[in-house]
Every structure is written in structure tokens, then in C-alpha cells.
Amino acid sequence: MPEFIHLHNHTHYSLLDGAATPETLLKAASAQGHAAVALTDHGVMFGTFEFYKKA
């Protein structure tokens, strides 16, 4: 069975839709043994640079 990868995640940059920071999203994915994770905030790209740098 192929490994499951979360491809729909929101951070606090998605107003009223997410609570995690890019850093906590990455830490949670790593702690659960995921090889990859996606950032799909609504209508903004404010978290992409922080997500990229931390990943």
C-alpha cells in the first residue's frame, strides 16, 4: 500500500480555517513519519517562504 501524504493543510495564514504554524505542521508530519506534506492556505501565500525555509 502506498504511503499516505497529507495534501490539504492550512496554517494560521488561512484566516478562520487553520491554527497551526508552518513549523508545527512540519513537526507533526515528521513526528508521524510522513515523507512529505503540503501547504494549501486559502487565498494567500504568506506562509510559503516560512514553510520552504523550515522544510
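Worth pointing out:
- When residues of the range 32-55 are limited to those that are in a helix (DSSP H, G or I) and among the charged types (D, E, K, R), the one farthest from the chain's Cα centre (by Cα): K53
- Number of the exception - L15 against (1) part of a loop (DSSP other than H, G, I, E, B); (2) within 12 Å of the chain's Cα centre (by Cα): (2)
- Which listed residue, of T21, T40, is of a type in the set (S, T, Y), in contact with a helix residue (DSSP H, G or I) (Cβ under 9 Å, 6 or more places away or on another chain) and surrounded by 11 or more Cβ atoms within 10 Å (Cβ to Cβ): T21
- Candidate set from the range 43-54 (those that are in contact with a helix residue (DSSP H, G or I) (Cβ under 6 Å, 6 or more places away or on another chain) and not basic (K, R)); member that is surrounded by the fewest Cβ atoms within 10 Å (Cβ to Cβ): E50
Rule-based calculations on the coordinates, nothing more; no lab input. In this text the structure is predicted, and so the values were computed from the model without any measurement. No Cβ is skipped: glycine too gets one built from the backbone with ideal geometry, and neighbour counts run over all protein chains shown.
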